[in-house]
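Here's the structure, in structure tokens; my notes come after.
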Amino acid sequence: MPSSAALPQAKSQTAFLEILRRVRKRWYCYVMMSGTFVLLVAFAYYPAASAIYHSFTNWDGFRHPEWVGLKNYRSILTSDTIMHSAVPNMVLLGLWQILRAAIFPFLGAAMVYRIRNEKLAYFFRLLYVLPIVVPGTVFIQVWRQLYDPNVGLFNELLKFVGMKPLLFLNDPKTALFSLMFIGFPWIDGVGLLVYLAGLLAIPREVIEAAIVDGAGDLRRLVRIELPLVVPQIRLIVILNVINALQSFGWQLLVTQGGPIEATTVPAWEMYRAAMVESRFGAASAMGMLLFVSVFLLTLINNAAIRSNIEYQGG
Amino acid sequence: MTTTIIAPSSRGAEKPTRKVTRRRFRISRDWTLGLILGTLGLVTFVPLIMLFELSFKNEQQMADAMWLPALPLHVGNYVRAFSMMGRYMVNSTVFVVGTVTVSIICSTLTAYALARYDFPGREFFFMAILALLMIPGILTLFTTFIVTINLKLNNTNLGIWLPLAAGAQAFQVVVLRTFLASIPEDFFEAARLDGASESQMLTLIALPLAKPIMTTLIVLQVNAVWNEFVWPIMVLSRPERYPATLIIMRLGALIIDRDLGAQYAAYVIAGLPILILFAFASRSFIRGLTSGAIKI
């Protein structure tokens with residue numbers, strides 16, 4: 001064991017020995033972390049570095065890649081499919097997803113928060129969280145059935161009230177809005193619980209003081225509760241930004257981005273480039289652009305929605 | 001309007017007449033809110049109610065009136081669906097158990113080391129994990145796929161377990177580290193005086209205290225892996241290895257041998273294990289999320 005009583009050495013060397021001594025003392029810490037870091041090196045750090053490097057190449061995934069500089073980026077930024085269909089679709093779907101995730105669970109949480117009967121309040125928490133047990137693919141299949149132009153529930157209802165049936169996901173004009181309507185009335189259970197946690201953390205005296213001052217329900221909601229759940233809003237916005245930019249489940253399983261590019265998004269174009277056309281270099285460049293977008297939006301979100309309250313949530 | 005002002009501020013001792021006013025007010029207000037929330041909840045559940053109802057119908061009943069309930073109930077749909085889904089349910093279970101085991105063991109050990117010990121490079125390792133939270137999964141999705149192919153892990157269990165466990169490390173480590181760091185040092189000091197070894201402090205002190213938060217993380221991950229379909233589509237080329245939630249997409253696309261009733265029953269069955277898990281864990285899961293126990 002290297003002791004401090006060793007011969008006087010250069011300062012840097014003693015510092016080095018000191019570190020070595022501490023490493024040897026806590027050797028088991030590195031052993032404990034080894035599992036995580038083996039996983040991360042193989043399936044996170046290396047793939048990330050590989051994606052950054054290969055975004056500048058014409059890699060097909062297997063053969064030796066050739067350096068092509070910014071060509072992949074240039075062809076993405078000049079592609080009609082991406083710039084005129086996929087990006088606008090993503091912006092629209094993303095903004096809507098963020099808005100609805102911020103608003104509707106909050107309104108739901110505010111209502112649950114006002115219920116005084118504890119059993120009833122718990123029942124509603126459970127009721128709104130329960131749909132998370134439905135697998136994504138089952139959810140997709142059921143909604144697809146509801147939208148079915150021939151036997152779907154929505155067309156049956158339209159016929160019932162005497163309106164013309166619609167093609168929904170099969171019509172370029174209605175496909176995107178059909179995707180946006182999915183999940184109505186959009187009270188996401190996890191979001192509701194996150195907001196409820198924020199509301200329950202508001203000191204009782206604050207609410208009571210407002211009520212004594214004659215603040216009605218709406219005033220209380222907008223002036224007191226909304227400002228005090230800003231940390232939760234920020235969390236939900238961040239999570240949904242990340243999710244909105246990279247989700248392509250409906251495109252992969254149902255629409256394939258169609259009809260005629262009506263529902264395509266960059267993440268789906270990326271999947272096609274990689275898995276259908278073996279253009280891994282181009283897909284990596286698209287991944288880089290999405291990564292930069294997520295990063296910038298997160299920074300903007302952090303700067304725009306400021307709060308002095310401790311940052312916590314689900 | 002007067003009741004609005006009196007009611008919530010009236011706490012503690014008060015005259016019986018006021019109490020009566022308050023109670024009546026409370027009940028009517030709860031009723032209104034309950035009615036709104038109940039209606040919206042019902043609308044949320046309409047697609048699932050429809051699915052449940054379809055799963056008991058035969059094709060004739062569907063042709064007569066697709067969305068209206070019909071008698072008799074065809075329970076046979078479920079019998080046929082179970083025999084179709086059996087092997088895929090096993091596949092899903094193997095994926096979930098393997099991924100969660102690998103993931104939770106790795107993340108717990110790492111989080112514990114980062115939270116309780118001071119060692120050279122601790123900050124560096126933690127930042128390296130924290131940085132991953134900023135990288136969207138889609139950036140690394142396709143290069144991870146190539147790594148998996150190169151390691152010859154496609155069409156294997158490890159090809160599902162390891163990449164999915166890696167994907168969950170950052171979130172789990174950060175959440176667990178925050179929690180473990182909040183355990184007062186006194187607990188460990190007391191154990192040390194009683195002669196506990198370092199490993200006993202992990203198993204006898206830290207883990208029991210972390211049980212609620214680990215339950216929440218496990219429930220979240222079981223749910224996520226059971227529902228995962230993008231990664232299995234990419235690395236599994238043989239449908240007989242598909243998880244249950246993926247095979248139902250194929251049932252929906254079948255043209256010949258189509259068995260609609262059993263197909264809807266299969267959708268219900270694919271969600272059953274998560275429903276059962278939730279029935280056991282919902283209380284601590286809801287508590288965990290509502291108390292803000294999960295912090296980043």
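Derivation of every value follows stated rules applied to the coordinates shown; laboratory data play no part. Quantities reported herein were computed from a predicted structural model and do not represent experimental measurements. Positions of Cβ are backbone-derived with ideal geometry, glycine not excepted, and every protein chain shown enters the neighbour counts.
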> Residues with amide H under 5 Å of A:Thr57's amide H, sequence separation 5 or more or different chain, H placed in the peptide plane at 1.01 Å from N; which?
Replying inline: A:Val68
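Taking other Cβ within 10 Å of each residue's Cβ, how do B:Thr216, B:Thr93 sort, fewest first?
B:Thr93, B:Thr216
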> On alpha-carbon atoms, Rg over Rh for the range B:187-294 using Kirkwood Rh?
Replying inline: 1.21
> Using a Förster distance of 51 Å, how high is the FRET efficiency between B:Asn155 and B:Glu185, based on the Cβ-Cβ distance and rounded to 0.05?
Replying inline: 0.60
> How large are Rg and Dmax for the range B:217-260 when only the alpha carbon atoms are used, in Å?
Replying inline: 12.6, 42
> When the helices in the protein assembly as shown are scored as -39500 (n - 2.57) per DSSP H run of 4 or longer and the sum is shared across all residues, what 222 nm value do you end up with, to the nearest 500 deg cm²/dmol?
Replying inline: -21500 deg cm²/dmol
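What does the extension gain come out to for A:Glu208 and A:Trp67, with contour length at 0.36 nm per residue minus their alpha carbon separation?
Working it through step by step, the gained length comes to 44.1 nm.
Estimate the FRET efficiency between B:Leu207 and B:Leu71 by the formula 1/(1 + (r/R0)^6), using the beta-carbon distance for r and 41 Å for R0, to the nearest 0.05.
0.20
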> What list of ³J(HN,Hα) couplings, whole Hz, do you get for the range B:107-120 from phi and the Karplus terms 6.51, -1.76, 1.60, once you set θ to phi - 60° and write x for glycine and proline?
Replying inline: 5, 5, 4, 5, 4, 5, 4, 5, 7, 10, 10, 9, 9, x
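Relative to 2.2 N^0.38 Å, what does the C-alpha radius of gyration of the protein assembly as shown come to as a ratio? Two decimals please. If you can, show how the numbers build up before the last one.
Working: Rg = 27.2 Å, N = 610, 2.2 N^0.38 = 25.2 Å.
So the Cα radius of gyration is 1.08 times the expected 2.2 N^0.38 Å.
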>> Quick check on chain A: what are the equivalent-ellipsoid semi-axes from the Cα gyration tensor, as sqrt(5λ), descending, whole Å?
In response: 43, 36, 18
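Anything in chain A that counts as a DSSP H helix reaching 27 Å or more along its axis (C-alpha) with Kyte-Doolittle mean of at least 1.0? List them, would you? Walk me through the numbers on the way to the answer.
Numbers: long enough: A:87-114 (40 Å, 1.25); A:280-304 (35 Å, 1.72).
Within chain A the helices that satisfy the rule are A:87-114, A:280-304.
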> If the viscosity is 0.890 mPa s and the temperature 25 °C, what Stokes-Einstein diffusion coefficient in µm²/s follows for the range B:76-290 when Rh is the Kirkwood radius over Cα pairs?
Replying inline: 126 µm²/s
> For B:Phe280 and B:Phe52, what is the calculated FRET efficiency with R₀ set at 22 Å and r taken between the beta-carbons, to the nearest 0.05?
Replying inline: 0.55
> What residues from the range B:112-142 fall in the zone where the backbone N is under 20 Å from a label point 7 Å along the Cα-to-C-beta line of A:Leu20?
Replying inline: B:119-122
> What Rg and what Dmax come out for the range A:164-296 when only alpha-carbon atoms are used, in angstroms?
Replying inline: 21.0, 66
>> Taking every alpha carbon pair in the range A:55-191, what does the distance histogram look like in 10 angstrom bins from 0, in percent?
In response: 10, 24, 25, 22, 13, 6, 1
>> Charges on Cβ only, +1 for Lys and Arg, -1 for Asp and Glu, centred on the Cα centroid of chain A; of A:His64, A:Pro47, A:Phe154, which one is farthest towards the dipole's positive end?
In response: A:Pro47
> Under a point spin-label approximation (7 Å from Cα along Cα-to-Cβ), what is the A:Asp60-B:Thr101 distance to one decimal in nm?
Replying inline: 4.0 nm
